[in-house]
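Heads up, the thing below is written out as structure tokens.
The values are calculated or read from the model by the stated rules, or taken from the named source; none is laboratory data. Note that the coordinates shown come from a computational prediction; the quantities given were computed from them, not determined experimentally. Virtual Cβ from ideal backbone geometry, glycine too; neighbours counted across all protein chains shown. Accessible surface areas use protein heavy atoms only, side chains included; no ligands, DNA or RNA. Shrake-Rupley method; radii C 1.70, N 1.55, O 1.52, S 1.80 Å.
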Amino acid sequence: MLEIRNLHASIGGKEILKGIDLSVGEGEIHALMGLNGAGKSTLSYVLVGHPAYEVTEGSITFRGKDLLQLSPDERSHEGIFLSFQQPVEIPGVPMTKFMQAAINAKRKYEGKEPLSAAEFLKLMRERRKIVELDNKLTTRSVNEGFSGGEKKRNEIFQMAMLEPRLAILDETDSGLDVDALRIVAEGFNRLRTPETSAIVITHYQRLLDYLKPDFVHVLIDGRIVKSGGPELAAEIENRGFEQFLV
Amino acid sequence: MSHMEATAQYIRLFESERERIDVGAPAALNALRDKAADAFRRLGFPSKHVERYKYTDVAAAFAPDYGLKLATQPAEPTDFELVSKLYGTLAPLEADGIAALNTMLAQDIVVVRVPAGIKKDHPMQITNNWRSTLPLMQNRRLMIVAEAGAEVQVILTDKAEAGQDYLTTQVTEIFVGEGARVEFYDIEDTHERCHRFHQTFAQVATGGSFTHAAFTLASGLSRNQTDVTLAGEGATASLLGSAIMAGHQHVDNNTLIDHQAPACTSRELYKYVADQQSSGAFAGRVLVREDAEKTDSIERNANLVCTEEARMWTQPMLEIYADDVQCSHGSTVGQINADALFYMLQRGLSEAEARMLLKQAFASEVLDELPLEPLRLRLAALIEKRFRNCENCKLCK
Ligand SMILES: Nc1ncnc2c1ncn2[C@@H]1O[C@H](COP(=O)(O)OP(=O)(O)O)[C@@H](O)[C@H]1O
Ligand SMILES: [Mg+2]
């Protein structure tokens, strides 16, 4: 589904990703771990087409398409979703209006009619329940005045609305207390289909206990230095990253 | 054209039409005409060297040859004595040429008088729909008198049929009595061939409250001047404005809040969205006089400049001569928030849609301050319509 080959990317002339190779198959969950500053968020931004990052070498294909040729909104319509490490507050733009625009843009891309207001509200209600997002949050402006945890929960709510094929969770667990983490992780699992894949960036075993990754990768200084099964995450939890540092 | 030539043009117009103007106007308006004409001859149109006009080219706006549509029969106001007594007492003929020109040419006055203690439970709306086969000028007068404890909401809307040049001068005098409350909403939804100069002068007595909101949804050149005197203890004023500018539009909001009495409160919020080659100006002066102890004043102007070519001038001014006051003022000029924009694109919104929603959100913040709920909803829809640039979609009905 996703093929990343020898990906180099830089920001402001500084090279951050230094040759990433990663394949994510349908239905697979990949955990991405690594110290702060390793380039995990950079990789997620590059995948969703953030204009600040320049891809200097390599390729990304997603379901057979050259991802680097697609605009950010097209990538979204193709089914790539990023749960941001730091979701942005957008004062004055109501959540409902925002989500309605997002859903209908996607439907237009797929050649479908827009949802009626009633259908849309019904969908909101349904999906809100999955992550137990308080109704009052969806009546406010996007993320405005939300606590750190509420913002993360709101990310997964949006994911539930958009039903992506590939979800990238960038430290979605940080800022969540134990209960919220469980709700968000269980919500995520409930949304999964045999086709949905995910790249899960995290520092903690806790989230992985719920999501049960098929593969774990260690990213150090812009390169994947080690890949393995779930046992690798446990090993990192016990021994840290020193073993991978040269 | 220089402002001297433009001035001469309107003096000639006045002199040739003088008799017809007088015949069709009420006596209270005629009584001030000579004095106004003298003042206008002396002052002329303000040039860019006049401090409060430095951001707007007045002479250019008045240069075209506009026709005057004259009434042939005066409509005498029923409150003749009241109008005679108050007409021209707040609008100073000596301050600049605009009020003088208006007073020299005005033939009509709309008077809203609310007797003591009467609280109007419905807002009043005054609608102007421009339509003419020739370029047209209108010089309007409005007077609002809210006696002690009275309450009134007045909504003024301006629209104009496309394809013609229109010019308006409007002078509004508002008397807010003790404990009275006046809300005055001035909504312009015209087009690029409309020029206007509105001046609003309000005086607020002890415990009175005055709200003024200027919404410029579409226009050519608009200058809205709002001068408020907080004359009695505990009076409050709230001045609001939202300007949406594109094309070569120019919007200039110029305010003065004069805190003359103790314990008065003033709030100001003006927001501009400047797109394409438009330009905007905001100048807000808050004057806190020696006697105005315990003044509480907050003035804010925020601007979103969307292109390289758009221009915005902002000049908040605070002058304090009292000791015990709480005052703040500030202004910001910024661009579309790139992080917010990217977040929206990631969720699948097109760049055009995302930018539109961000601009709309920015301009709409002023709505939160409007006390009149139905108007707030209506304006939210009109602002959306304006940004979507659509005439007949279901949102806009
Ligand atoms: N705008 C930027 N300009 C320059 N360097 C940046 C910028 N953003 C991030 N970086 C650098 O890129 C590196 C990788 O950052 P990031 O991808 O956020 O790491 P991680 O998510 O793994 O903690 C860090 O060294 C960081 O300082
Ligand atoms: Mg990160």
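Its residue count N sets the reference 2.2 N^0.38 Å, and the alpha-carbon radius of gyration of region B:108-337 equals 1.03 times that reference. Proximity of backbone amide H atoms, modeled 1.01 Å from N, is registered between B:A246 and B:D275 at under 5 Å, excluding neighbours fewer than 5 places apart on the same chain. Our Cα-only numbers for region B:1-121 put the radius of gyration and Dmax at 16.0, 51 Å.
Here is the tail figure for region A:58-148: Cα pairs spaced more than 16 Å apart come to 65 percent of all pairs. Site pair A:A52 and A:R182 shows an inter-label distance of 3.7 nm when each label is modelled 7 Å from Cα along Cα→Cβ.
Over all projection directions, the Cα-based convex hull of chain B averages an area of 19.8 nm². Once both labels are positioned 7 Å from their Cα atoms along Cα-to-Cβ, the gap between B:K69 and B:A162 label points is 2.1 nm. Against the empirical 2.2 N^0.38 Å (N residues), region B:32-93 has a Cα radius of gyration ratio of 1.48. Evaluate the Debye formula for chain A with equal point scatterers sitting on the alpha carbons, no solvent, and hand back log10 of I(q)/I(0) at q = 0.09, 0.10, 0.17 Å⁻¹, in q order, two decimals. Computed log10 I(q)/I(0) values: -0.38, -0.47, -1.38.
A straight Cα-to-Cα reach below 26 Å connects A:K226 with the lysines A:K14, A:K18, A:K40, A:K212, residues fewer than 8 places away in its own chain not being considered. Charges were assigned to the Cβ only: +1 to each Lys and Arg, -1 to each Asp and Glu. The resulting dipole of region B:108-337 about its Cα centre is roughly 560 debye.
The DSSP beta bridges internal to the protein assembly as shown are antiparallel in roughly 15% of cases. Taking the DSSP bridge list for region B:108-337 and keeping only pairs wholly inside it, about 0 percent are antiparallel. Hydrodynamic analysis of region B:235-371 uses the Kirkwood radius over alpha carbon pairs. Inserted into Stokes-Einstein at 10 °C and 1.306 mPa s, it gives a translational diffusion coefficient of 99 µm²/s. The calculated FRET efficiency for the pair B:A31 and B:I336, based on their C-beta separation and a Förster distance of 35 Å, comes to about 0.10. For region B:57-206, the alpha carbon positions stretch 45, 33, 32 Å along the principal axes, listed from largest to smallest. Percent of Cα pairs in region A:1-67 per distance bin of 5 Å, from zero to the largest separation: 4, 16, 28, 28, 17, 6, 1, 0. Relative contact order, whole percent, for region B:108-337 stands at 13, derived from Cα pairs under 8 Å and 6 or more residues apart. Residues of region A:3-39 with an amide N closer than 19 Å to a point placed 7 Å from the Cα of A:D214 along the Cα-to-Cβ direction: A:3-5, A:21-33. Neighbouring Cβ atoms from other chains, within 10 Å of the Cβ of residues in A:177-185, number 0 on average.
At q = 0.14 Å⁻¹ the log10 of I(q)/I(0) for region A:120-220 amounts to -0.52, computed by Debye summation with a single uniform scatterer per C-alpha, solvent ignored. Of the solvent-accessible surface of region B:108-337, computed with a 1.4 Å probe and all protein chains present, 46% belongs to carbon and sulfur.
Taking 50 Å² as the minimum loss, tell me which residues in region A:78-92 lose that much accessible area going from the chain by itself to the full protein complex (1.4 Å probe). Residues losing area: A:F84, A:V88, A:I90. State the Kirkwood hydrodynamic radius of the protein assembly as shown in Å, one decimal place, computed from all pairs of distinct Cα atoms. This gives a value of 28.1 Å. For the protein assembly as shown, what does the accessible surface come to per residue with a 1.4 Å probe? Please give it in Å². Normalised by residue count, the accessible surface of the protein assembly as shown is 42 Å².
If you take the accessible area of A alone, add that of B alone, and subtract the area of the pair, what total do you get in Å², probe 1.4 Å, to the nearest 100?
Counting both chains, the buried surface is close to 1800 Å².
Here the simple spin-label model places points 7 Å from the Cα toward Cβ, and for B:T133 and B:E309 these points are separated by 3.5 nm.
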